[in-house]
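In what follows, a single structure is set out as structure tokens and then discussed.
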Amino acid sequence: MEGQPGKENFIHRILRTKPWAYALLLLAVVLILCAVVFDKIAMPIVARSYVEEKTVPALEGLDSLTAVQKATEAGFNVLFAKEREYSKTYDVDLVMRQNPLADQKSKPGRTIHLTISDGLHQFTVPDLFDKNGSEAVVAIEKAGLNMGLTFSMPHTNVKKGKVVRTNPSEGSLVHKGDTVDVFLSSGPNGAKVELPEVVGSRLTEALSNLRSAGFIIGKTERRKNSGEQSGRVLKQDPAAGSVLSAGSRVNLVVAE
């Protein structure tokens, strides 16, 4: 009916004549918005803060697949480092380090950072034969190794002060930072030398060890032997441990 105040006009009249009603309505709207924000944002944060912490599993020494499976079962995420690292402790492809550490308490869903081992970083002992002492030091350090002890030994063919052999021997695979002992020739001074054991060694290795010790290779005989691999030394004459003059001849019997 024309002229009859409608519902909308009634509300406007109430708000206009009673300001406190407007304030009450505004407060109701604010409370509703606060309730929505608390339910959608604050409550999840509060809930997470009260989640019971779990024990971080031990993942070092495991392969990557097993490590991921074990971490997931415990309620954690995993992130692998982009670069692998060399390790003396863990073989290649195994987890060598984790953060956080095993047995620590942490909230579920946290990321465990893992580093994978690239195995041993091996270095080769350089050939120092007939080099002088200072040259040997430079070559050893350049190879990523450390100079060890220096010994003197008689040798008929290597000049005094030159390298006769090393320990570990030339070509041996060692770890970074390992030490290499150097044996320098004291010349053919007639001193006695103990004959090294070469039985069971490959012929090339036996020849190298005997020459490095200051001996000369005498007769080399080939002999059939079903119990040894071809090229292995079956017998040496004189026997190992004999004390001989530097430059003495050593005869060998080698498996065909």
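Table: residues versus (1) surrounded by fewer than 13 Cβ atoms within 10 Å (Cβ to Cβ); (2) modelled with pLDDT of 95 or more; (3) among the hydrophobic types (A, V, I, L, M, F, W, C).
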{"site": "Thr89", "(1), (2), (3)": "yes, no, no"}
{"site": "Val95", "(1), (2), (3)": "no, yes, yes"}
{"site": "Thr115", "(1), (2), (3)": "no, yes, no"}
{"site": "Lys131", "(1), (2), (3)": "no, no, no"}
{"site": "Ser134", "(1), (2), (3)": "yes, no, no"}
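Can you name every residue in the stretch 64-87 that is surrounded by 15 or more Cβ atoms within 10 Å (Cβ to Cβ), in a loop (DSSP other than H, G, I, E, B) and of a type in the set (D, E, K, R)? Within the stretch 64-87, just Arg84 meets the criteria. Taking Asn146 as the residue in question, decide whether it is more than 15 Å from Pro126 (Cα to Cα) and either under 39 Å from the mean Cα position of the chain (by Cα) or surrounded by 13 or more Cβ atoms within 10 Å (Cβ to Cβ) (or both). When the stated conditions are applied, Asn146 does not pass them. Here Ala139 does not qualify as in contact with a Pro (Cβ under 8 Å, 6 or more places away or on another chain), assigned to a helix (DSSP H, G or I) and either outside the structural domain of Glu170 (by TED's automatic domain parsing) or surrounded by fewer than 15 Cβ atoms within 10 Å (Cβ to Cβ) (or both). Give me a count of the residues in the stretch 226-256 that are within 18 Å of Arg202 (Cβ to Cβ) and touching a Lys or Arg at 6+ places or on another chain (Cβ under 8 Å). Total satisfying the criteria: 10.
Here Leu195 fulfils each of the conditions (1) farther than 30 Å from His121 by Cα; (2) touching an Asp or Glu at 6+ places or on another chain (Cβ under 9 Å); (3) modelled with pLDDT of 85 or more apart from (2). The residues of the stretch 218-247 that are free of Cβ contacts under 8 Å to residues at least 40 places away in the same chain, part of a loop (DSSP other than H, G, I, E, B) and surrounded by 14 or more Cβ atoms within 10 Å (Cβ to Cβ), listed by number, are Asn225, Glu228, Gly231.
The values are calculated or read from the model by the stated rules, or taken from the named source; none is laboratory data. None of these values were measured; they are calculated from a predicted model. Note that each Cβ is placed from the backbone with ideal geometry, even for glycine, and that neighbours are counted across all protein chains shown.
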